[in-house]
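Everything below concerns the one structure shown next.
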Amino acid sequence: MVERLSPTVTVHSDPVSAAHALAERLVALAERARTRAGRFAVAVSGGTTPEPMFRALAAGAAGNRRWDDWHVFWADERAVPPTDPRSNVGAARRLWLAPAAVPPEHVHPIRADGALDAVAERYDAELRGFFGAAGGAATTTFDAVVLGVGPDGHTASLFPGAASLDETSRWVVGEAHPGAPPLVSRVTLTLPAIGRARTVLFLVCGAEKRAVVERIFADPRRGSRRAALPAARVTAQESVEWHLDQAAALPPTGGGRAAGVQTGPASRPARS
Ligand code: 6PG
């Protein structure tokens, strides 16, 4: 860790250190959930940033090789088979779940094999069944959701200007017009579903993310539905943590604090 700017923002020296730290955070949250509820439900994202995190989990991050109370879900998936290199499910299976021999009954993939809305409705129902929210009961969902951020400020498959950003009840929706590559249809958690998680952990690395990090942290409406960018609209029941590497966090001049990254109290969720 390079610098803990606040309880919710940590800057790590490089992408691998950031990813390993996030893997260790997941193990710590799993141990807390195990004590509280006897299970740990985590939703992970795709893209390239989480890959070293998956490898770290497979290698026994924080000494953990116990998976019998983990339940792995996805924040989003591309509408491709899991064998397709663009599949988020496929990437996590290849880098983590298979090497770590996570029991298949603890892995809950988005099966993107059919009409987009039907796939979304099916996963929505699976989540509500798992979290005991059938019938719309208000409930906490995931213990942790791991999210990335695209240079345009998207997170999961919630893209700027998308109708999905205004969703207030469904937990999973289809996105037929993603605003970033790969330009294939997606299925994504919505802000209400993410907002019911106890902890959201953003993992954002690379100089190409510096500008969007600055925009997010400069937004006075961060943590509310009125924030400008999708990633800035994310809330959680307990906390939203940002794990950045130096390249994403520091202004071009280097040194000092991330431009726009204020220290201060955890971003308290605006009740979604
Ligand atoms: C996806 C991801 C997406 C990702 C960002 C960042 O399915 O594409 O869930 O939201 O987190 O695009 O991707 P990188 O980590 O590759 O920069």
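The values are calculated or read from the model by the stated rules, or taken from the named source; none is laboratory data. Predicted model, so just to flag it, every value in this text is computed and none were measured. Glycine gets a Cβ as well: all are built from the backbone with ideal geometry, and neighbour counts include every protein chain shown.
Details
- Filtering the stretch 13-38 to residues that are assigned to a loop (DSSP other than H, G, I, E, B) and in contact (Cβ under 8 Å) with a residue 60 or more places away in the chain leaves S13, D14.
- Residue in the stretch 150-161 that is under 27 Å from R215 (Cα atoms), out of contact with any helix residue (DSSP H, G or I) (no Cβ under 6 Å at 6 or more places or on another chain) and more than 14 Å from the ligand (Cβ to nearest atom) present: yes
- Selection count where residues are at pLDDT below 95 and either aliphatic (A, V, I, L, M) or buried (at least 23 other Cβ atoms within 10 Å of the Cβ) (or both), scope the stretch 95-136: 3
- Among all positions in the stretch 179-186, there is at least one residue which is within 16 Å of the ligand (Cβ to nearest atom), charged (D, E, K, R), on the phi < 0 side of the Ramachandran plot and crowded, with 18+ Cβ neighbours inside 10 Å.
- Enumerated helices (runs of 4 or more DSSP H) restricted to the stretch 168-254, each holding at least 2 residues that are touching a Gly at 6+ places or on another chain (Cβ under 7 Å): 210-218, 246-249
- Number of the condition not met by Y123 [criteria: (1) without any contact (Cβ under 8 Å) to a residue 24 or more places away in the chain; (2) part of a helix (DSSP H, G or I); (3) within 16 Å of the ligand (Cβ to nearest atom)]: (1)
- Some residue of the stretch 137-160 being at pLDDT 95 or above, in a helix (DSSP H, G or I) and at negative phi: no
- Single unsatisfied condition, A18 versus (1) within 26 Å of A207 (Cβ to Cβ); (2) out of contact with any strand residue (DSSP E or B) (no Cβ under 6 Å at 6 or more places or on another chain): (2)
- Here G153, G174 are screened, and the one residue that is over 11 Å from the mean Cα position of the chain (by Cα) and under 18 Å from D124 (Cα atoms) is G174.
- The set of residues in the stretch 126-156 being touching a residue at least 60 places away in the same chain (Cβ under 8 Å) and among the acidic types (D, E) consists of D143, D152.
- For A228: the one exception among (1) over 21 Å from A23 (Cα atoms); (2) of a type in the set (G, A, S); (3) modelled with pLDDT under 95: (3)
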